[in-house]
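The values are calculated or read from the model by the stated rules, or taken from the named source; none is laboratory data. Since the model is a prediction, treat every value here as computed from it, not as a measurement. Please note: Cβ atoms are built from the backbone with ideal geometry, for glycine as well, and neighbour counts cover all protein chains shown. Surface accessibility is based on the protein's heavy atoms, side chains included, excluding ligands, DNA and RNA. Shrake-Rupley method; radii C 1.70, N 1.55, O 1.52, S 1.80 Å.
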Amino acid sequence: QVQLVESGGGLVQAGGSLSVSCAASGRRFSSYAMGWFRQAPGKEREFVATISWSGDSTYYRNSVKGRFTISRDNAKNTVLLQMNSLKPEDTAVYYCAASRDPIPTLIRKYEYWGQGTQVTVSS
């Protein structure tokens, strides 16, 4: 069992930066790949980024490549999503999730989810 708690969301102007963090508790955090998803009002939840259990491999959705960076610290059981050059279309609730798959991008591959943190980008 893995418990996930996101933090760090907020309001930022377009072009600005924000980071969201995910703290994990439970067993064997370092054996899970971790991902970030987001869900905007009236839209389906979508994949944003994922990182392998070791941190050696990452994968991003095309629209955030070059702007977002996912990282993890297995000693501290945390995952970070650094978001730069934010756009209004990045506004959403951001969720972190844990998976036993190596580099999963599909929602159904993730077993554990946090409650989400709101990120709002004003134009």
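Observations on the structure shown:
- If the condition is being closer than 20 Å to A23 by Cβ and assigned to a loop (DSSP other than H, G, I, E, B), then the stretch 56-111 contributes N74, A75, K76, N77, R100.
- For the stretch 88-106, filtered to residues that are hydrophobic (A, V, I, L, M, F, W, C) and over 22 Å from R28 (Cβ atoms), the residue that is most open to solvent (accessible area, probe 1.4 Å) is V93.
- In the stretch 14-70, the qualifying residues are those that are among the basic types (K, R) and either touching a His at 6+ places or on another chain (Cβ under 9 Å) or crowded, with 16+ Cβ neighbours inside 10 Å (or both), and the one that is farthest from L86 (Cα to Cα) is R45.
- Candidates in the stretch 71-87 are the residues that are over 10 Å from the mean Cα position of the chain (by Cα) and of a type in the set (S, T, Y); of these, the one that is most open to solvent (accessible area, probe 1.4 Å) is S85.
- Members of the stretch 14-40 that are among the polar types (S, T, N, Q) and over 15 Å from L4 (Cβ atoms): S17, S19, Q39
- Some residue of the stretch 29-41 being among the charged types (D, E, K, R) and over 18 Å from Q115 (Cα atoms): no
- Strands (runs of 3 or more DSSP E) lying entirely in the stretch 7-55 (those with 2 or more residues that are under 15 Å from I70 (Cα atoms)): 18-26, 33-39, 46-51
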